[in-house]
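> Right, I'll just put the structure down here and ask away after.
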Amino acid sequence: MRTISGLHFALVTAREPTEHSGASFMLIMSRTVGEVVNIGGDIEVTVVAVKGHQVRIGVNAPRTVGVDREEIASRRRHERAHPSKSKFTSVC
C-alpha cells in the first residue's frame with residue numbers, strides 16, 4: 001500500500017504486460033460518486049453513479065483519444081485483423 005497526500009493506493013504488479021496497454025502495473029483506488037480521476041493532463045474519469053455491483057463512469061477526453069468498452073475494442077481489433085469475417089457489411 002502506498003500513501004500519497006493522505007490517499008491510500010494499492011500498487012499491483014502485473015505478471016505480464018497486457019496486450020492492450022503494455023502496462024506493467026495497475027493503480028487501484030477507491031472513489032465515491034462525483035469524484036474524479038485524472039489521467040495525464042487531459043483525460044478525466046468521473047464516478048457518476050454506483051448501484052449494487054454496477055458503476056457508471058463518465059470519461060472526458062480529447063476527440064483524438066479513443067474511448068471504448070473492452071468488448072467493443074476487442075471486436076474492432078478482431079474486425080481489423082479479419083475484415084472478411086465481419087458480421088456487419090457496408091451497404092454503400
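> Report the label-to-label distance for SER84 and PHE25 in nanometres (one decimal), using points 7 Å from each Cα along the Cα→Cβ vector.
Placing both labels 7 Å along Cα→Cβ, they lie 4.6 nm apart.
> Please compute the modelled spin-label separation between ASN60 and THR32, points set 7 Å along Cα→Cβ, answer in nm with one decimal.
Those two pseudo-labels are separated by 2.1 nm.
> Let me ask something additional. In the P(r) worked out for the stretch 31-85, what percent of Cα pairs fall beyond 16 Å?
So the portion of pairs separated by more than 16 Å is 58 percent.
> Which of the listed residues, ILE39, THR64, ALA81, is farthest toward the dipole's positive end in the stretch 31-85, when Lys, Arg count +1 and Asp, Glu count -1 at the beta-carbon?
The residue sitting farthest along the positive end of the dipole is ALA81.
Throughout, read-outs are computed from the coordinates displayed, never taken from laboratory work. The structure presented is a predicted model; accordingly, all values stated were derived computationally and were not measured. Reconstructed Cβ throughout: ideal geometry from the backbone, glycine too, with neighbour counts over all protein chains shown.
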